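*Asks:* Just passing along the structure, written as structure tokens.
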Amino acid sequence: MDKAVLAETYIIGCFASFQTEKDGIVQLPSVGTFESFCDALTVWINKPHVANRRLIGSKILYQNNTCTTESRVDSFIKKCLSSAENAEVIHGFVEEVPPLSSFVDANFYFIIRENFYKGSRQTSLKETIVIDFRKKLAAFIPFIGAGHEREENIDTNDKGSKHAKSTVVPYQIGFTEVSGNSWITLNTPERESETEKSYIEWLQTTLLRKLVNWSSEKKLRTSVTSLRLVPVDRYNELYNTLKDKYGRKFVEIWPEKTDPQKFVYEDVAIATYLLIIWEMQRKEQKSETLQSFVDLGCGNGLLVHILQSEGHPGLGLDVRKRSIWDLYGKETKLKEESIRPSAESMFPDFDWLIGNHSDELTPWIPVIAARSSYKCSYFVLPCCHFDFNHKFSQKEANESNYRSYLNFVQKVGEVCGFSVQEDTLRIPSTKRVCFIGKTRNYQPEEMDLIDDRIANYIRLRSTLSSVPENTEDNPPKRLRTDEVWAEGFTPRSSVEKARNCRSVDVGTVNHIVRTVFDTLLNSEDCETRHLEGGRVWRKGGKKSLGDIVKLFDQDVLKQLKSECGGLQTLLRNHNSVFNVSGGAVQLRDLTLDEPYSKHSKLAKRDKSRHFKTLQCWFHHHHPDGCPRTAATCHFAHGEMDTRKENPINDTKSFYLLIFSRVIKSTAMSQTTCKMHDPLSV
């Protein structure tokens, strides 16, 4: 039998079976309406990855709601399948299903969707979605039995919890309303295999509850918000390639104090996104030349290293050199340099400017790109809120501070003459929204007019502006080499300021620690511990951070706040005394065998290296002393109990030391090798 006919027979058969087989129905009560149920369905269709964490995303291959005159669903399915065979699938940008609540007066809606699964195996599965608005139900039917192979459907992670891996079971979701009460129902066929049973269980326990929750929301966002500008399947493919190529190696050798899991994979994801944007741009321009770039405020430089290693000529600039720069090799061009927005800081020979958490340079990057050359584009990922020469503080009504700042950064790009595109990245960060200025909305001969508009905009927003207007005596601002583009602009210092409350006056620190300690020890909910030998040790009570803050006047709190983090940071610096967790503070319970959580820095610290190197605070200050004996306490009970800290003895530090020496010696011996890869050592 022809595959198309087989698919048609299979889909119609599955849809019909749901009308007769009622044994697999599970339902949950819902407070939503049929319209809100339709919008919840739209979320599941457009954004299945928000429920199924094993998915990277999906692509709508075909959708049709024009056959609304059909009264029979089988005739509707036949027409849509026939039409879908001849339809041209759109690649690249996301083609979404509009909110289904706007089609409740129609008869049917037909969709073909392809789901893409995370991981390097590049698995995907197509399915047909048939929505019958008259009967208030939607059937999800995978292309199984129509010449497609059946796949495993459950993946178990290291902790033993199950996640949906591949939709191989047809199922139907419905909305029922009787006497003012409503339910969302799930109908699944009987299955024998354990994998299919597990998937059905996931549908019943996870997906159904998600749909109920979504249908109760008043303002549900049904559209895709992340990775809108790149094909999600290509993103998945390239991300896994780069993750294997760069991710694991740099996590192992990361010498910075920052979390390697966050920063390494964040830069891998940003590099993936940019490489695909550039791929698409080359196709649009019918060019094979790889784009060049400058990363302004490149930080650890890993993004520059990845992009250059993938063949793109580029340069990274930052006001302060990082220790990891030496590990990349000479082929990765990184330069310690301060950037001041002026004619001396333009890059006419580069195609793209990158601002990845570039702080005070963020609003300037569209300006520098616009003034560098007509062909220069930009990518910016805003983080800290900076205006042109001061902190940004212009919060809009009914908007968050973050959204207000994003609107400002987008406005800057538009003033500079760019057709600005917004997208949301998939990175381990709360600040994930990026902007791309790739095309201009003016002609090259209008560049001076746009420059005048830019200068006026900067003048209006700058607090110390001395920007003159463009006249015959005053050439365009971008061409003036004798002045900066805004007075009062202050670049970051090349010396990193420690803002962790460690520079606070010692007397102030001791006062705060003692005050909090006495408050906890004398609280009404004070707990006691009975120790060996009849000793009693008071553990103290528990107070919220809000209550602790009220213990100190505003002058003390302002001093702490200027040190970044405030009171909470100071208390966490005294981790051996206080346990700060979940917005509450209590004394560290040293009567426990493991008093530190697995996420605590003290829990992760090499205890043999630091054993007895610090004095025990409880031994010296707690009225009941330390609950541990001098022999069992990791801290010293007096000067006679103190020992010196061991030198470096952990494997990672030793490996980093040897690795850096090998890199330097290899680079010296291979000066004639133009393609030296430091990761191959």
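The values are calculated or read from the model by the stated rules, or taken from the named source; none is laboratory data. The structure displayed is predicted, hence computed values, not measured ones. As a convention, Cβ positions derive from the backbone with ideal geometry for all residues, glycine included, and neighbour counts pool all protein chains shown.
Table: residues versus (1) modelled with pLDDT of 65 or more; (2) part of a helix (DSSP H, G or I); (3) touching a strand residue (DSSP E or B) at 6+ places or on another chain (Cβ under 9 Å).
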site	(1), (2), (3)
15	no, yes, yes
29	yes, no, yes
35	yes, yes, no
56	yes, no, yes
66	yes, no, no
76	yes, yes, yes
82	yes, yes, no
92	no, no, no
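*Asks:* In segment 170-212, how many are part of a strand (DSSP E or B) and in contact with a Gly (Cβ under 6 Å, 6 or more places away or on another chain)?
*Replies:* Final tally of qualifying residues: 2.
*Asks:* Condition first: closer than 18 Å to residue 34 by Cβ and hydrophobic (A, V, I, L, M, F, W, C). Now tell me which residues in segment 199-219 satisfy that.
*Replies:* Correct list: 208, 211, 212, 214.
*Asks:* Please state which one of 86, 157 is farther than 16 Å from residue 55 by Cα and modelled with pLDDT under 85.
*Replies:* 86
*Asks:* Looking at (1) more than 19 Å from the chain's Cα centre (by Cα); (2) closer than 16 Å to residue 458 by Cβ, which one does residue 337 not meet, given that it meets all the others?
*Replies:* (2)
*Asks:* Let me ask you something else. When segment 251-272 is examined, which residues are found to be surrounded by 18 or more Cβ atoms within 10 Å (Cβ to Cβ), part of a helix (DSSP H, G or I) and touching a Pro at 6+ places or on another chain (Cβ under 7 Å)?
*Replies:* Selection gives 265, 266.
*Asks:* Still on this structure, please answer the following. Would you call residue 180 modelled with pLDDT under 80 and exposed (fewer than 14 other Cβ atoms within 10 Å of the Cβ)?
*Replies:* no
*Asks:* List pairs: first in segment 219-238 and closer than 16 Å to residue 98 by Cα, second surrounded by fewer than 19 Cβ atoms within 10 Å (Cβ to Cβ) and of a type in the set (Val, Ile, Thr), Cβ under 8 Å, 6+ apart or cross-chain?
*Replies:* What qualifies is 225/424; 228/424.
*Asks:* Being over 26 Å from residue 50 (Cα atoms) and assigned to a helix (DSSP H, G or I): is that true of residue 413 here? Outline the logic, then answer.
*Replies:* Numbers: over 26 Å from residue 50 (Cα atoms): yes; assigned to a helix (DSSP H, G or I): yes.
In short, yes.
*Asks:* I need the full set of residues from segment 502-530 which are surrounded by 14 or more Cβ atoms within 10 Å (Cβ to Cβ) and among the hydrophobic types (A, V, I, L, M, F, W, C), in order please.
*Replies:* Those that are surrounded by 14 or more Cβ atoms within 10 Å (Cβ to Cβ) and among the hydrophobic types (A, V, I, L, M, F, W, C): 504, 509, 512, 513, 516, 517, 520, 521, 526.
Results for (1) in the same structural domain as residue 364 (by TED's automatic domain parsing); (2) modelled with pLDDT under 65; (3) outside any helix (DSSP H, G or I), shown as yes or no for each residue.
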site	(1), (2), (3)
465	yes, yes, yes
488	no, no, yes
494	no, yes, yes
511	no, no, no
518	no, no, no
528	no, no, yes
546	no, no, no
563	no, yes, yes
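*Asks:* Only one of (1) surrounded by 20 or more Cβ atoms within 10 Å (Cβ to Cβ); (2) at pLDDT 90 or above; (3) closer than 24 Å to residue 308 by Cα fails for residue 331. Which number is that?
*Replies:* Just one mismatch for residue 331, condition (1).
*Asks:* If residue 230 satisfies all but one of (1) crowded, with 18+ Cβ neighbours inside 10 Å; (2) part of a helix (DSSP H, G or I), what's the number of the condition it fails?
*Replies:* Checking residue 230 against (1) crowded, with 18+ Cβ neighbours inside 10 Å; (2) part of a helix (DSSP H, G or I), the one that fails is (2).
*Asks:* Are any residues in segment 359-375 part of a loop (DSSP other than H, G, I, E, B) and crowded, with 23+ Cβ neighbours inside 10 Å, and if so, which ones?
*Replies:* 362, 363
*Asks:* Another question, if that's okay. Looking for whichever is under 20 Å from residue 301 (Cβ atoms) and either touching a Leu at 6+ places or on another chain (Cβ under 7 Å) or exposed (fewer than 15 other Cβ atoms within 10 Å of the Cβ) (or both) here; the options are 356, 389. Which one fits?
*Replies:* Values: 389 fails: under 20 Å from residue 301 (Cβ atoms).
Sole residue among the options that is under 20 Å from residue 301 (Cβ atoms) and either touching a Leu at 6+ places or on another chain (Cβ under 7 Å) or exposed (fewer than 15 other Cβ atoms within 10 Å of the Cβ) (or both): 356.
*Asks:* Would you mind stating whether residue 241 is surrounded by fewer than 17 Cβ atoms within 10 Å (Cβ to Cβ), over 30 Å from residue 276 (Cα atoms) and in contact (Cβ under 8 Å) with a residue 40 or more places away in the chain?
*Replies:* Judged against the criteria, residue 241 is not a match.
*Asks:* Output the number of residues of segment 363-386 satisfying the condition of being hydroxyl-bearing (Ser, Thr, Tyr), in contact with a Leu (Cβ under 9 Å, 6 or more places away or on another chain) and under 13 Å from residue 437 (Cα atoms).
*Replies:* Here the count works out to 2.
*Asks:* Being more than 16 Å from residue 315 (Cβ to Cβ), part of a helix (DSSP H, G or I) and at pLDDT 90 or above narrows it down to one residue among 403, 426; which is it?
*Replies:* Among 403, 426, only 403 is more than 16 Å from residue 315 (Cβ to Cβ), part of a helix (DSSP H, G or I) and at pLDDT 90 or above.
*Asks:* I would also like to ask the following. Filter segment 340-392 for residues that are touching a Lys or Arg at 6+ places or on another chain (Cβ under 7 Å) and farther than 27 Å from residue 402 by Cβ and give the result.
*Replies:* 343, 346, 351, 371, 374
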